[in-house]
Amino acid sequence: MSLRNIIPTTLPSSYTLKPRCVNYITTHNNPSSTKPTTYNNLSLSNQNTHQQATLHLEKMINLEDHNSFSSSSFESTPSTSSFGIGTYQNKLGKRWKEYQGMSNWEGLLDPLDDNLRAEILRYGHFVEAAYKSFDFDPSSPNYANCRFPKTTLFERCGLPNTGYKVTKYLRATSGIQLPNWVDKAPSWVATQSSYVGYVAVCDNKEEIKRLGRRDVVIAFRGTTTCLEWLENLRATLTNLPCNPMDGKTMGCHGSGAMVESGFLSLYSSSIPDNPSTLSLQQMVKQEIVRILQAYAGEPLSLTITGHSLGAALATLAAYDINTSFPRLPMVTVISFGGPRVGDRRFRRQLEKQGTKVLRIVNSEDVITKVPGFVFDDDMAKEGGIHVAGLPSWIQKRVEEAQWVYAEVGKELRLCSKNSPYLGSTNVATCHELNTYLHLVDGFVSSTCPFRATAKRFLQRDK
């Protein structure tokens, strides 16, 4: 069952409102306004009639603000309703490193800082563009490629005036060796290399001033092709290899860090019989070299963002870039619904090199709970892993099978059950990028999980 994004003028009779916050107070981002806005009497009992529920909802939102709403795009709070220059009025300025994770987002996540919320949603829109620009039609001669030219990609994806320009398409290649019988299957089954995202550079003076620096974005979509799904299933850990481009090790000079085999394959593989086909790793690093030369001397940030498989690729890319370009001032990952990527040594190396990772996690999303097992590191003895209540021989077998993973970075944990607009959800819905953006828009704090005034709605197709 698919989802479409609409602003309902009335509540369906099947909806049960589940408001979580009464008398929620928020301070406007406008610095000239210090008066808080208070929303009273938002609690609705299950016994309310459909008419009463509708009146309450219409009090919470101003539907006139959404007359121009398109069913193909999101609607959100006034600061994020239409993505473009001037949309995000929050000026980061000298605090930009704080919002990029310099202090691991200390004090910004619970409650969720409004500026940080806007930034997370902004980068989520970049990931959304990677999906929208992908050609999903297997009958198309352009299948698995980008549908739009770089110069108009954002506009064609419904993101005009972002202040960024796309400078590079990125492709991921599967390293799986295909059997001969695949030649008889439809061509889309064996699509080995596909468009997976892009690099974009902020080139608008107003946006650079607002952000406090020139920002470079790398955005990755999630799994779409058959071979990408197969790579996802290669869940055992493997050592990070030597980088074929410059002889440096992704594993930070023999640290022994290990990552998921399939993710590494998609990041580092190229087509052997086609020398002109670069790996995703090579494309990313070549573009970073070009950008560093083009904007030498300017304050730069690199923000790598992705959803699902794209979140894993974003983490690998950040790790690799920080290893190869240690003088980059700030490398940050904003990931949505990402699976686990590597082991404890991989996490330690990320921390050591200063890579900042903010993982947006829906507690109902099963993808964030795989692959492998995470043991309690706090109880681990030197050289070993311990889990209370789990026999040591089982732990040993799991370790030998290379299935012990570790969570990385800082986590912003959300829950789809807290949204009064999602209703019952299935596994697919919990993992969708749209759901994540909806939850980010509505989350307030651990004691007030969802603000009833959030205007980013999802409704299930009938």
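Taking 165, 205, 94, 356 and ordering them by how much accessible surface each has at a 1.4 Å probe, largest first, produces 94, 205, 165, 356.
Ordered by 1.4 Å accessible area with all protein chains kept, 345, 451 run largest first as 345, 451. For residue 234, the residues whose amide H sits under 5 Å from its own are 262, ignoring neighbours fewer than 5 places away on the same chain, with H placed 1.01 Å from N.
A probe of 1.4 angstrom, applied to the heavy atoms of all protein chains, finds residue 443 with accessible area near 20 square angstrom.
Any of 369/410; 97/150; 91/150; 132/410 with alpha carbons more than 25 Å apart? Name them for me.
Working: 369/410 15 Å; 97/150 29 Å; 91/150 27 Å; 132/410 28 Å.
Too far apart for the 25 Å limit: 97/150; 91/150; 132/410.
Evaluating 6.51 cos²θ - 1.76 cosθ + 1.60 at θ = phi - 60° for every residue in the stretch 134-142, the Karplus couplings come out as 7, 8, 8, 7, x, 7, 7, x, 9 Hz, glycine and proline recorded as x.
If you sort 137, 273 by accessible surface, 1.4 Å probe, largest first, the order is 273, 137.
Residue 188 sits with roughly 90 Å² accessible to a 1.4 Å probe, with DNA, RNA and ligands left out of the calculation.
Step through the residues of the stretch 272-285 one at a time and calculate ³J(HN,Hα) from phi using the Karplus curve (6.51 cos²θ - 1.76 cosθ + 1.60, θ = phi - 60°), rounding each to whole Hz and writing x for Gly and Pro. Each residue's phi maps through the Karplus curve to give x, 8, 9, x, 7, 8, 7, 6, 4, 4, 5, 5, 4, 6 Hz.
Normalised by the number of residues in the stretch 105-172, what is the relative contact order in percent for Cα pairs under 8 Å and 6+ residues apart?
On the way: 40 pairs, mean separation 14.4, N = 68.
Reported relative contact order: 21 percent.
Under 5 Å from the amide H of residue 414 lie the amide H atoms of 361, 362, 363, each residue being 5 or more positions distant or on a separate chain, with H modelled from the backbone and absent for Pro and chain starts. In this label model, residue 177 and residue 290 are separated by 3.4 nm, measuring between points 7 Å along each Cα→Cβ vector. Scanning residues 5 or more positions from residue 171 or on other chains, those with amide H under 5 Å from its amide H are 196, with H placed 1.01 Å from N in the peptide plane.
The values are calculated or read from the model by the stated rules, or taken from the named source; none is laboratory data. Being a predicted model, the structure only gives us computed values, none of them experimental. FYI the Cβ positions are ideal-geometry reconstructions off the backbone, even for glycines, and counts take in every protein chain you see. Note: accessible area is taken over every heavy atom of the protein model, side chains too, but ligands, DNA and RNA are not part of it. Shrake-Rupley method; radii C 1.70, N 1.55, O 1.52, S 1.80 Å.
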